[in-house]
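The values are calculated or read from the model by the stated rules, or taken from the named source; none is laboratory data. Quick caveat: nothing in here was measured; it's all calculated off a predicted structure. All Cβ positions, glycine included, derive from the backbone under ideal geometry; neighbour counts span all protein chains shown. For accessibility, only protein heavy atoms count, side chains too; no ligands or nucleic acids. Shrake-Rupley method; radii C 1.70, N 1.55, O 1.52, S 1.80 Å.
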Amino acid sequence: MKTVRIDAKGMHYTPLNQKIRAAVADGAEEIILDNILGQRFIGDGLRGNVRITINGVPGGDLGMFMSGPTCIVNGNAEHAPGNTMDSGMLVIHGSAGDAVAHGMRGGKVFIKNNIGYRGGIHMKQYEVEARPILVVGGTAHSFLGEYMAGGLVLVLGIGKEKAMTDRGIGSGIHGGEIIIRGDVDDYLLGVGAKKFEFTESDLERISPVIKSFCEHFDLDPAEFLDTNYTRIGPASSRPFASKYVWE
Amino acid sequence: MTLGSVPPKFKVTIDRDECMDCGRCIENCSYGVYRREGDRILIESRKCTACLRCVSMCPRDAITLTEKPVDYRSHPLWTREAREDIINQARSGKIILSGMGNARDLPVIYDRLLLDACQVTNPSIDPLREPMELRTYIGKKPSKLKFRKTESGDVELDTKLAPNLKLDTPIMIGHMSFGAISLNSQLSMAKAVAETGTFMGTGEGGLHKELYPYQDHMIVQVASGRFGVNIDYLERGAAIEIKIGQGAKPGIGGHLPGEKVNEEVSKTRMIPLGSDAISPAPHHDIYSIEDLVQLIRSLKEATEWKKPVFVKIAAVHNVAPIAAGIARSSADAVVIDGFRGGTGAAPKVFRDHVGIPIEAAIASVDQKLRDQGVRNEISIIASGGIRSSADLAKSIALGADAVYVGTAALVALGCRVCGNCYRNLCPWGIATQRPDLVSRLDPEAGAAQVSNLIHGWTLELSELMGAAGINSIESLRGNRDRLRGYMLDEGMLKILDVLPAGA
Ligand code: SF4
Ligand code: SF4
């Protein structure tokens with residue numbers, strides 16, 4: 001496997017991304033970035049199957065528009081990792097800021113700990129070919145999965161008494177599903193979101209996701225393979241239709 | 001239904017002496033106004049939207065359409081519209097949605113601005129004989145140029161120039177998405193801009209693969225819904241436009257009614273079939289001007305700094321300082337969309353009451369950027385209700401680099417501004433996804449009509465410039481001395497920085 005190591009100490013994001021692109025063009029299969037400290041846009045618009053290990057804390061919009069690569073972050077991530085991401089994977093061994101997986105179109109974002117506000121907002125989907133997945137090990141702040149049009153958001157609430165305690169879950173959701181470990185209080189749901197029973201067949205559907213998440217973070221999946229979840233989806237596919245009348 | 005019905009908006013009649021009973025009106029009307037019963041064509045006027053398809057297709061000119069056939073008691077305050085809106089809301093308790101641009105009878109500033117021409121003291125220029133320079137570059141310009149001497153003694157440019165769009169005429173077609181309008185309309189306009197050396201916007205419905213051959217003339221849009229946005233889309237566009245706001249509905253997001261979300265639209269937008277495509281009001285990754293800079297840079301970084309990035313805002317009260325903020329971000333052009341801008345669907349109260357006229361917005365943005373010494377570094381694109389080459393010339397004289405037209409291009413395709421775009425029934429094959437209706441619009445013929453319009457305006461613009469003794473669009477840009485205000489108040493003249501007629 002061809003590995004390239006880049007020391008990003010004090011480096012601006014543009015030359016850093018140029019180096020990453022050059023390495024990918026040169027056939028690198030693995031890139032290790034050391035001393036990352038706040039550089040934004042790592043992997044922005046990047047294509048290919050490369051695996052990028054990020055040692056440090058990347059800045060905002062990690063993996064934005066990314067199409068294919070895998071980024072493993074050994075640290076926390078800033079604002080909006082996975083923003084409008086197309087395919088590929090982000091694995092973050094820590095927490096991340098607001099708008100994680102914003103408008104995501106495909107691929108996976110796994111966050112070991114917590115995320116900020118507006119996680120998974122406006123995620124989309126086209127059938128099964130492009131179905132984005134966001135998994136949060138800890139908890140998320142308000143407006144999780146707001147305006148969702150597709151995809152899956154899964155919150156495991158590891159180490160928390162309740163997986164979700166912030167409001168506005170799934171406001172305006174018109175596609176996709178938000179699955180949360182344990183019970184979710186009704187008042188936490190946003191307008192247009194509805195709770196559904198989490199069945200054995202749902203578990204069967206999401207267990208590969210749970211297993212894959214656990215594998216990345218060295219967790220025992222057995223702990224999570226039951227039906228103790230709440231599934232939240234759209235109350236209707238046209239949540240706004242009742243708000244408007246034509247001239 | 002205690003409220004009863006409101007009077008029909010239109011009355012359709014057929015002159016039975018002229019009618020040859022060909023049935024074209026029945027075939028052409030997608031709203032179902034006409035039907036045959038026995039040997040007679042029956043008319044249901046209440047269904048009419050005045051799209052004028054039947055009138056245009058009737059071989060005998062036998063159809064007459066009258067607006068407002070039934071009068072209310074006249075009242076200056078309680079207009080028909082005011083009364084009917086109340087009746088509608090008393091029935092429904094909902095927000096009223098409407099199509100096309102602002103429909104209120106407010107004074108049009110363009111109509112109160114007059115252009116200049118030369119007489120005696122300096123000669124006018126004949127564009128037939130003299131070259132007229134209409135070429136316009138949209139994008140960042142360096143504040144100064146640095147040169148370097150090579151060893152051989154030549155002089156070379158040292159400054160790195162930012163990518164610009166090269167327009168042969170300062171008329172572009174604004175963003176109307178696939179979904180809101182049909183693929184055949186987009187194709188017609190794409191062929192037309194490629195032929196006339198200019199550009200069009202994709203809107204936020206992605207770039208259909210049939211448009212790939214014209215991608216060098218397409219500006220791809222990134223709006224709050226992020227529909228259709230991926231790296232391939234960004235790389236295909238000649239430029240990228242971030243849509244923050246739209247003149248028809250400042251401050252709120254987009255709304256594509258589920259009726260128009262068919263298989264193909266659902267695929268490009270990645271939303272469920274038949275569900276409303278909602279773009280949220282803000283971009284949820286932009287909550288501040290710093291975040292806007294971040295989005296601009298993320299787009300540039302993704303496309304390796306090869307594409308100009310525009311930012312489109314609605315013309316609102318503080319448009320000038322907002323544009324100044326955008327000028328200081330990494331944006332290459334600011335697009336200002338005035339309150340008369342069109343739309344497929346907008347809450348009526350927004351369409352008719354929010355935002356300011358584009359004329360005032362151009363003038364104040366241009367002035368603010370000049371005051372701050374950055375006007376030369378960023379381009380201004382104006383849009384929202386530009387109907388003719390005169391509006392175009394006035395926009396440039398007020399300070400715009402180029403304009404976007406939307407409704408005007410649709411009218412060139414057949415649109416009669418009936419305002420029913422949201423119903424997916426557009427009989428002209430424009431604002432619809434219904435295959436039988438879409439096929440009425442032939443992209444070849446449509447392209448010819450739109451490029452004719454662009455040609456016509458371009459010729460008129462050259463003539464207007466020539467008459468004013470100006471042979472380069474740069475000398476018209478921001479040249480407010482070539483405008484005079486007529487029946488405009490002092491405050492407005494001051495904002496426009498234009499003298500009154502006679503001064
Ligand atoms: S299109 Fe004109 S001539 Fe033909 S049936 Fe209708 S009204 Fe008569
Ligand atoms: S596009 Fe069609 S529906 Fe919309 S205003 Fe024009 S003619 Fe009417």
Requested in this report: State whether one or more residues within the range B:226-244 are within 18 Å of the chain's Cα centre (by Cα), under 21 Å from B:Asn452 (Cα atoms) and among the aliphatic types (A, V, I, L, M).
Outcome: no
Query raised in the report: Looking at B:Ala90, is it within 14 Å of chain A (Cβ to nearest Cβ), within 16 Å of ligand 2 (Cβ to nearest atom) and either within 25 Å of A:Lys243 (Cβ to Cβ) or not in a helix (DSSP H, G or I) (or both)?
Result: no
Query raised in the report: List, please: which pairs have Cβ atoms under 6 Å, are six or more places apart or on different chains, and start with a residue in the range B:155-181 that is touching a residue at least 40 places away in the same chain (Cβ under 8 Å) and end with one that is open to solvent by 30 Å² or more (accessible area, probe 1.4 Å) and outside any loop (DSSP other than H, G, I, E, B)?
Result: B:Asn164/B:Tyr137
Query - Matching option when the condition is free of Cβ contacts under 8 Å to residues at least 60 places away in the same chain, more than 15 Å from ligand 1 (Cβ to nearest atom) and at positive phi, among B:Gly4, B:Gly23, B:Gly32 - result: B:Gly4
Report summary line: Given the conditions (1) under 28 Å from B:Asn230 (Cα atoms); (2) surrounded by fewer than 23 Cβ atoms within 10 Å (Cβ to Cβ), every one holds for A:Glu204 apart from (1)
Query - Leading residue by the ranking (nearest to ligand 1 (Cβ to nearest atom)) among those in the range B:35-55 that are open to solvent by 50 Å² or more (accessible area, probe 1.4 Å) and within 25 Å of B:Leu410 (Cβ to Cβ) - result: B:Leu52
Query - Selection count, the range A:140-155, where residues are surrounded by 24 or more Cβ atoms within 10 Å (Cβ to Cβ) and assigned to a loop (DSSP other than H, G, I, E, B) - result: 6
Requested in this report: For the range B:219-227, indicate whether the set of residues that are more than 14 Å from every other protein chain (Cβ to nearest Cβ), in contact (Cβ under 8 Å) with a residue 24 or more places away in the chain, closer than 22 Å to B:Asp401 by Cβ and open to solvent by 10 Å² or more (accessible area, probe 1.4 Å) is non-empty.
Outcome: no
Query raised in the report: Quick one: which helices (runs of 4 or more DSSP H) sit completely within the range B:161-280 and have at least 1 residues that are out of contact with any Cys (no Cβ under 7 Å at 6 or more places or on another chain) and either at positive phi or among the small types (Gly, Ala, Ser) (or both)?
Result: B:183-196, B:263-269
Query raised in the report: Which residues, counting only those in the range B:296-353, are away from every other protein chain (no Cβ under 14 Å) and β-branched (Val, Ile, Thr)?
Result: B:Val311, B:Ile313, B:Val316, B:Val319, B:Ile322, B:Ile326, B:Val334, B:Val335, B:Ile336
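The rows are residues; the columns are (1) more than 14 Å from chain B (Cβ to nearest Cβ); (2) in contact with a Gly (Cβ under 7 Å, 6 or more places away or on another chain).
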site	(1), (2)
A:Val128	no, no
A:Thr139	yes, yes
A:Phe143	no, yes
A:Tyr147	no, yes
A:Lys160	yes, yes
A:Thr165	yes, no
**Report entry** Residue among B:Leu437, B:Leu398, B:Leu461 that is assigned by the TED database to the domain that holds B:Lys249, within 14 Å of ligand 2 (Cβ to nearest atom) and touching a residue at least 12 places away in the same chain (Cβ under 8 Å)
**Finding:** B:Leu437
Query raised in the report: Hey, which of the helices (runs of 4 or more DSSP H) in the range B:285-370, taking only ones fully inside, have at least 3 residues that are modelled with pLDDT of 95 or more and either open to solvent by less than 10 Å² (accessible area, probe 1.4 Å) or not assigned by the TED database to the domain that holds B:Gln246 (or both)?
Result: B:289-302, B:319-328
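Rundown of residues vs (1) modelled with pLDDT of 95 or more; (2) out of contact with any Pro (no Cβ under 7 Å at 6 or more places or on another chain); (3) closer than 24 Å to B:Ser224 by Cα, yes/no style:
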| position | (1), (2), (3) |
| --- | --- |
| A:Ala130 | no, yes, yes |
| A:Val135 | yes, yes, yes |
| A:Phe143 | yes, yes, yes |
| A:Lys162 | yes, yes, no |
| A:Thr165 | yes, yes, no |
| A:Gly182 | yes, yes, no |
| A:Glu200 | yes, yes, no |
Query raised in the report: Out of the range B:94-135, which residues are in a loop (DSSP other than H, G, I, E, B), in contact with an Asp or Glu (Cβ under 9 Å, 6 or more places away or on another chain) and within 16 Å of ligand 2 (Cβ to nearest atom)?
Result: B:Gly99, B:Asn102, B:Ala103
Query raised in the report: Can you tell which of A:Tyr117, A:Tyr126 is open to solvent by 20 Å² or more (accessible area, probe 1.4 Å), touching a helix residue (DSSP H, G or I) at 6+ places or on another chain (Cβ under 8 Å), free of Cβ contacts under 8 Å to residues at least 60 places away in the same chain and not β-branched (Val, Ile, Thr)?
Result: A:Tyr126
Query - Qualifying residues in the range B:1-48 (those that are within 16 Å of ligand 2 (Cβ to nearest atom) and in a loop (DSSP other than H, G, I, E, B)) - the one nearest to the other protein chains (Cβ to nearest Cβ) - result: B:Lys9
**Report entry** Contacts under 9 angstrom Cβ, first residue in the range B:413-430 being within 15 Å of B:Phe178 (Cα to Cα) and hydroxyl-bearing (Ser, Thr, Tyr), partner part of a loop (DSSP other than H, G, I, E, B) and near ligand 2 (Cβ under 7 Å from one of its atoms), 6 or more apart
**Finding:** B:Tyr422/B:Gly99; B:Tyr422/B:Ala431
